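Heads up: the structure comes next, in structure tokens.
Throughout, read-outs are computed from the coordinates displayed, never taken from laboratory work. Just so we're clear, the structure is a prediction, and the values are computed from it rather than from any experiment. Because the Cβ atoms are built from the backbone with ideal geometry, glycine has one as well, and the counts that use them run over all protein chains shown.
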Amino acid sequence: MTDNDNLLIEKFFNQAARQQIEDNGFTERVMEQIVRQEQQSSVKTHHLSLLWTWFCVVVGLALFVVLGGWGSLKASIMVLASTVLTSLEVFVTTAPTADLHLNPALLLLVAAFVLIYLPYRTARMLSAIQ
């Protein structure tokens, strides 16, 4: 294209860009309606999510009771406690015979870290998420 054509095209688009079409507030009404619909949709979605969560909790608790979850939970806790005590017994029994030089203060510090700090940090992280 020639320079003259480019100038004519540029002039045409500049005039079109300067034109204002009266819409009698149509644009503002549409934008307000979109915002209202988004707010209503957000509230509706939140309520449906909350309803679904409670439904799943109730169904889960009902299944837990109907299928005898208490017995399974009790058995699992007993197995866990037995495993921990057996592991502790094996460690205490074999540690003096092995060539391990364990500092009791260091063991106490590690135990305190695992039993106190890690659950505390996990609880803080979970509360920050909510």
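Computed from backbone phi, the HN-Hα couplings of region 106-122 come to 5, 4, 5, 5, 5, 4, 5, 4, 5, 7, 10, 5, 4, x, 4, 5, 5 Hz, rounded to whole numbers (Karplus: 6.51 cos²θ - 1.76 cosθ + 1.60, θ = phi - 60°; Gly and Pro given as x). Which shape class, rounded, prolate or oblate, goes with region 1-59 when its Cα gyration tensor gives a ≥ b ≥ c as root eigenvalues, a/c under 1.5 marks rounded, and past that a/b bigger than b/c marks prolate? Cα axes put region 1-59 in the oblate bin.
Specify the inter-centroid distance of region 21-35 and region 51-68, based on alpha-carbon positions, in whole Å. One Cα centre to the other: 47 Å. Using only Cα atoms, find the angle between the long axis of helix 3-18 and the longest principal axis of the chain, and express it within 0 to 90 degrees, rounded to the nearest 10. Tilt of helix 3-18: around 70 degrees. Placing +1 on the Cβ of every Lys and Arg and -1 on the Cβ of every Asp and Glu, with nothing else charged, gives the chain a dipole about its Cα centre of roughly 720 debye.
Between the helical axis of 69-94 and the longest alpha-carbon principal axis of the chain there is an angle of about 60 degrees. How would region 1-100 be classified by its alpha-carbon gyration tensor: rounded, prolate or oblate, with rounded meaning a/c under 1.5 and the a/b versus b/c comparison settling the rest? Here region 1-100 falls in the oblate category. About the centre of its Cα atoms, region 14-63 shows a dipole size close to 160 debye [charges on the beta carbon of Lys, Arg (+1) and Asp, Glu (-1) only; nearest 20 debye]. For the chain, set up a GNM with springs between Cα atoms under 10 Å and report which of Asn14, Asn24, Asn103 has the largest fluctuation. Looking only at Asn14, Asn24, Asn103, the largest GNM fluctuation is found for Asn14.
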